[in-house]
Amino acid sequence: MKKIIDEVENLGFKEIKSNLKENYNVALRDSKFKNLVKEINLSNNILMKYTSSLEESSIEYDNCRNCKSIYECKNKVVGYAYLPRVSNDQIIFEYKPCKFKVDHFENTKHFNNIYLFNAPKSVLNADIKDLYNKAERLPIIKWMGLFYKNYNKESKGLYLYGNFGVGKTYLISAIFNELAKQNIKSAIIYYPEFLRDLKSSFDTDFKEKFEKIKKVELLLIDDIGAENMTSWGRDEILTPILQYRMDQKLPTFFTSNLTLEQLEEHLSDSKDKIDIVKAKRIISRIEALTEKIELLSENFRQ
């Protein structure tokens, strides 16, 4: 009985081996497959066990040879190729990053140093090199250059104000991006949405977000003055953030459509209750934290 079982198993093995060999020989008719296996220093008897995976690798390898950028990638996992590696007469397949993926990682790894809260991701691509095309931007560009050159944790930030859509957020994001490449952490928050989110957050989530914004090395409070003014937002959120950052001398930036005088008026008015003293205290903190520049330019969003 054992002899019969052995003979049946042997026949099954021979059939499997025959099928493997046939599939392998068919695959060899494809030039891409043939070129790939030529580069692998193993016998055909071993290679034919991996025919289907080698076929996939040959397609992805050929895709890479003809690729011009990561945005043209045709592989299953963008920026990676499924390629073989020999280990102890066996083939191991792994996803390896292409040169474009490596370059992309090097060029974008600093993104991890910038925390965005409801700010557009496009600000991560803000580049100082793109800013030298408008004469009216020269004062802010000069200021940014000096800030970058002389940066330290006690540097004053900027209150940048001007009309809607003139590029205030982009300009400050550009300097944050440059400093992120030096491993300096920053946060860009769209202030109206930040307040709405905090108000609806649970205690743990609230504390985590609040502390992160309060203590981050570089902070941009974007579009201050556009929020619905409440005493809670002014007294419980904005005031302690600014007080802490003033005490710790942490660089803080603001963008606004309002002058400081207009912002003071905005901050003083809460549900028909006028509180000029508290508004003035906030303005005095902003003045202690920043220098003030008006940006005059055309609306780039039109």
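Observations on the model:
- Subset of the range 13-72 (residues that are assigned to a loop (DSSP other than H, G, I, E, B), in contact with a helix residue (DSSP H, G or I) (Cβ under 6 Å, 6 or more places away or on another chain) and either in contact (Cβ under 8 Å) with a residue 24 or more places away in the chain or among the charged types (D, E, K, R) (or both)): S69
- Some residue of the range 226-236 being touching a helix residue (DSSP H, G or I) at 6+ places or on another chain (Cβ under 7 Å) and under 24 Å from N113 (Cβ atoms): no
- Selection from the range 60-81 of residues that are of a type in the set (S, T, Y) and more than 14 Å from I40 (Cβ to Cβ): S69, Y71, Y80
- Taken over the range 97-119, the criterion of being surrounded by 15 or more Cβ atoms within 10 Å (Cβ to Cβ) and without any contact (Cβ under 8 Å) to a residue 24 or more places away in the chain is satisfied by P97 alone.
A quick yes/no check of all residues on (1) more than 21 Å from P139 (Cβ to Cβ); (2) modelled with pLDDT under 95; (3) surrounded by fewer than 18 Cβ atoms within 10 Å (Cβ to Cβ):
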| site | (1), (2), (3) |
| --- | --- |
| T230 | yes, yes, yes |
| R234 | yes, yes, no |
| L263 | no, no, no |
| L289 | no, no, no |
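- If you filter the range 90-118 down to residues that are in a helix (DSSP H, G or I) and either in contact with a Leu (Cβ under 7 Å, 6 or more places away or on another chain) or among the basic types (K, R) (or both), you find that the one that is modelled with the lowest pLDDT is K109.
- Residue ID - farthest from L28 (Cα to Cα), chosen from residues in the range 71-96 that are aliphatic (A, V, I, L, M) and crowded, with 17+ Cβ neighbours inside 10 Å: A81
- Any hit, the range 110-130, residues being among the polar types (S, T, N, Q), in contact with a helix residue (DSSP H, G or I) (Cβ under 6 Å, 6 or more places away or on another chain) and assigned by TED's automatic domain parsing to the domain that holds E287: yes
- Candidate set: the range 121-153, residues that are at pLDDT below 80 and not hydrophobic (A, V, I, L, M, F, W, C); chosen: the one surrounded by the most Cβ atoms within 10 Å (Cβ to Cβ): R137
- Any hit, the range 47-54, residues being crowded, with 18+ Cβ neighbours inside 10 Å, among the β-branched types (V, I, T) and not assigned by TED's automatic domain parsing to the domain that holds I189: yes
- Scanning the range 154-204 for residues that are assigned to a loop (DSSP other than H, G, I, E, B), at negative phi and crowded, with 23+ Cβ neighbours inside 10 Å returns a single hit, V166.
- Residue that is surrounded by 17 or more Cβ atoms within 10 Å (Cβ to Cβ) and of a type in the set (A, V, I, L, M), where the choices are L28, L36, L42: L36
- Residue within the range 196-205 that is touching a residue at least 40 places away in the same chain (Cβ under 8 Å) and either out of contact with any Leu (no Cβ under 7 Å at 6 or more places or on another chain) or more than 20 Å from V277 (Cβ to Cβ) (or both) present: yes
- Within the range 17-46, being small (G, A, S) and at pLDDT 90 or above holds for A27, S31, S43.
- Flag if I282 is under 33 Å from the mean Cα position of the chain (by Cα), hydrophobic (A, V, I, L, M, F, W, C), surrounded by 13 or more Cβ atoms within 10 Å (Cβ to Cβ) and modelled with pLDDT of 95 or more: yes
The values are calculated or read from the model by the stated rules, or taken from the named source; none is laboratory data. Only a predicted model underlies this, so the values are computations on that prediction, with no experimental measurement involved. Please note: Cβ atoms are built from the backbone with ideal geometry, for glycine as well, and neighbour counts cover all protein chains shown.
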